[in-house]
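The values are calculated or read from the model by the stated rules, or taken from the named source; none is laboratory data. No experiment lies behind these values; they were computed from the predicted model shown. A quick note on method: Cβ atoms are made from the backbone with ideal geometry, for glycine too, and the neighbour counts reach across all protein chains shown. Surface accessibility is based on the protein's heavy atoms, side chains included, excluding ligands, DNA and RNA. Shrake-Rupley method; radii C 1.70, N 1.55, O 1.52, S 1.80 Å.
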Amino acid sequence: MRKIKNNLILHFCLIVLVSSCSITRNKKTNENTSSVEINLKNAIPVNSKEAYLKRMQWWQDAKYGMFIHWGLYSSLGGEYKGEMTPRIAEWIQNTMKIPLVEYKRLMKDFTAEKFNADEWVSIAKAAGMKYIVLTSKHHEGFALFDSKVSDYNVMNTPYGKDVVKELKEACAKQGMRFGLYYSHLMDWEHPHAYTGEGKMKRRINTLDFNADEMDRSIYLKEKSFPQLREILTNYGKIDLIWYDMGAGLNVDEIEEFVDITRELQPEIIISSRIGLLPVPKTIDNNMLFDYITTSDNYFTGDDLSMPWEMPGTTNSSWGYRKDDHEWRGAKLILSSLIASASRNGNYLLNVGPMANGEIPSEPIKNLKIVGNWLHKNGEAIYDTKGSSFPWNYNWGYITEKPQNIYLHILNWPNTNTIELNGLLTNIDHVSLLEKGTKLKHVQKGRFLTIDLTGVNKDDLATVLVVHYKDSLLQIDPTISQSLNNTIRLDRVSSIYNKEEALSTWKFKVETPGNYKIQVISNEKGKHENPEWRGSQQIGHIEVAGKTIPLELKRDEEKVNPTLFFYKEIRSNVGEIKFPKKGVYELKLNGFEINAEKHTKEFGLNRIELIPVK
Ligand code: FHN
């Protein structure tokens, strides 16, 4: 795991529960705890910490990958018997209750006559992506590879060739890292596959199989483990294994998956959705996964305690869906990539090819636009580390390399100036990344102000490089007013006490006066049906000797700049007077601010204190 160089900054310690991925913070106790305790002692040794850091390096430098969901569902495109499925397209068998015998007939439609592995890899390359992850078997149970374990595979379709082999070879030719998704627990074709344990034991496919007669060990022994051996043996080096929806596996079962994986591919990287596990307290040789997969299309904006990746869609489904033309535009894709990189995360962006092997043209177009941007500005994304600044800025996000701070301007400021608040290190110069043009700037106290006059704005993102010569980047960790006097209290810079549902910020006020208080939060929940938890919260703010009861309203909403499906909601909550200069404290009481997607808590983004004119 990378270390933030600046030791002036509080290094947040996060409690992260992965898979269904509930992420909460507890800086008060500064301990990693979890409601699911497992004995990590019995886990499979993964060499040493050094080996871990080494095998993670390419992935952490890569930042951006292509996810590909392709299977029998692709031929339906979300439609069954003239009706569109209300849910994600690759779940159609389950959602529309298609009997297995009938579903299996879709094999005859898997023609893939336009599939060209080299072309797919070229599309990913042109998009600036550095790795590809293909669904070798999704929940439907159909394998895209030549499996001796089950006939339910691509060799028995009109296409009749091993897709995993072809894509792996094309990746090797073009220098693209290659990973495989494998649905290890969920399988709607096998009579003994089920999720959960005890009371939670649940067969997903109750249509074709008797709900009471199931023994997962049979499924694991007959299909999942042997197929895993096939994909990890028959195609040379596999760089990454993307397990999914492993919640319900017990530790012994998870360990067996890890055991097989590491035995056959010692340098492979394993995703956290292998099972519901706590994040390891230290990076060492007892880990059962290598990085955290956040919820689909959602990340909290926090810097997690381990490397992480957000999987995202280009429209609303993973598998091809013919009626969904609401494609995520280039600016949104790039904003998500930049915001993830800025907090040490990767972005794995999906495309869903049709059964004929063609990837829809619209996402390719958008990916290409981002690829062109990366071609010019990739220095500020690849091989970088996240921001050392413990807050965010209204103009955009930060990434870093030694001696360079990259400022990604996503919102062009009306004032034509960019301000970097909190920087103490003396800087050498500021330039435009693309052209190298030096820019006028003033550094005074904790403020670096950069003049953008005459700079040609890039509508996607303009990148500035702040160059410094010192070996250490020094930052003043006290939150303070920006030059326009606004005070930004970000979720990432709060001290949060979960038990008391209390978030606290300390900040410096230089300009006394009256300030409006606004709470900015994100919608959460299922992307088909996002919810806003603001109106369900009852609490109050304490600041400058005043208690302000909070009843949040949806006063303003806008497209969230980094989360496609989830709006950003602004609520006016009142005014406060800061009578004199000094350090103040703001307490947000009664709000559980876990911003994870599937929890009932509030998705706090930030509080803004805006001077009343
Ligand atoms: O159920 C799957 C879904 O179909 C898709 O594969 C995503 C990708 O992250 N994973 C599961 C849901 O989280």
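Within the range 280-293, restricting attention to residues that are out of contact with any helix residue (DSSP H, G or I) (no Cβ under 6 Å at 6 or more places or on another chain) and open to solvent by 10 Å² or more (accessible area, probe 1.4 Å), the residue that is nearest to the ligand (Cβ to nearest atom) is 280. Among the residues making up the range 398-412, those that are surrounded by 19 or more Cβ atoms within 10 Å (Cβ to Cβ) and within 20 Å of residue 488 (Cα to Cα) are 398, 399, 407, 408, 409, 410. The set of residues in the range 121-142 that are under 27 Å from residue 347 (Cβ atoms) and either in contact with a Pro (Cβ under 8 Å, 6 or more places away or on another chain) or within 16 Å of the ligand (Cβ to nearest atom) (or both) comprises 131, 132, 133, 134, 135, 136, 137, 138, 139, 140.
Taken together, the residues in the range 547-569 that are polar (S, T, N, Q), without any contact (Cβ under 8 Å) to a residue 60 or more places away in the chain and closer than 30 Å to residue 460 by Cα amount to 1.
Residues in the range 294-341 that are in a loop (DSSP other than H, G, I, E, B) and either within 16 Å of the ligand (Cβ to nearest atom) or open to solvent by less than 10 Å² (accessible area, probe 1.4 Å) (or both): 20 in all. Inspection of the range 143-163 finds no residue satisfying the criterion of being in a helix (DSSP H, G or I) and within 16 Å of the ligand (Cβ to nearest atom). For the range 413-442, which positions are open to solvent by 60 Å² or more (accessible area, probe 1.4 Å) and not aliphatic (A, V, I, L, M)? The answer is 414, 415, 426, 428, 434, 435, 437, 438, 440, 441.
Identify all residues within the range 517-562 that are in contact with a Phe, Trp or Tyr (Cβ under 6 Å, 6 or more places away or on another chain), over 23 Å from residue 481 (Cα atoms) and of a type outside the set (Asp, Glu); write none if there are none. Residues satisfying the conditions are 522, 527, 530, 533, 537, 539, 560. Listed by position, the helices (runs of 4 or more DSSP H) contained in the range 80-132 that have at least 1 residues being open to solvent by 60 Å² or more (accessible area, probe 1.4 Å) are 100-104, 117-126. Go through the residues of the range 549-566 one by one and say whether even a single one is among the hydrophobic types (A, V, I, L, M, F, W, C), under 23 Å from the mean Cα position of the chain (by Cα) and not in a loop (DSSP other than H, G, I, E, B). Within the range 549-566, not a single residue is among the hydrophobic types (A, V, I, L, M, F, W, C), under 23 Å from the mean Cα position of the chain (by Cα) and not in a loop (DSSP other than H, G, I, E, B).
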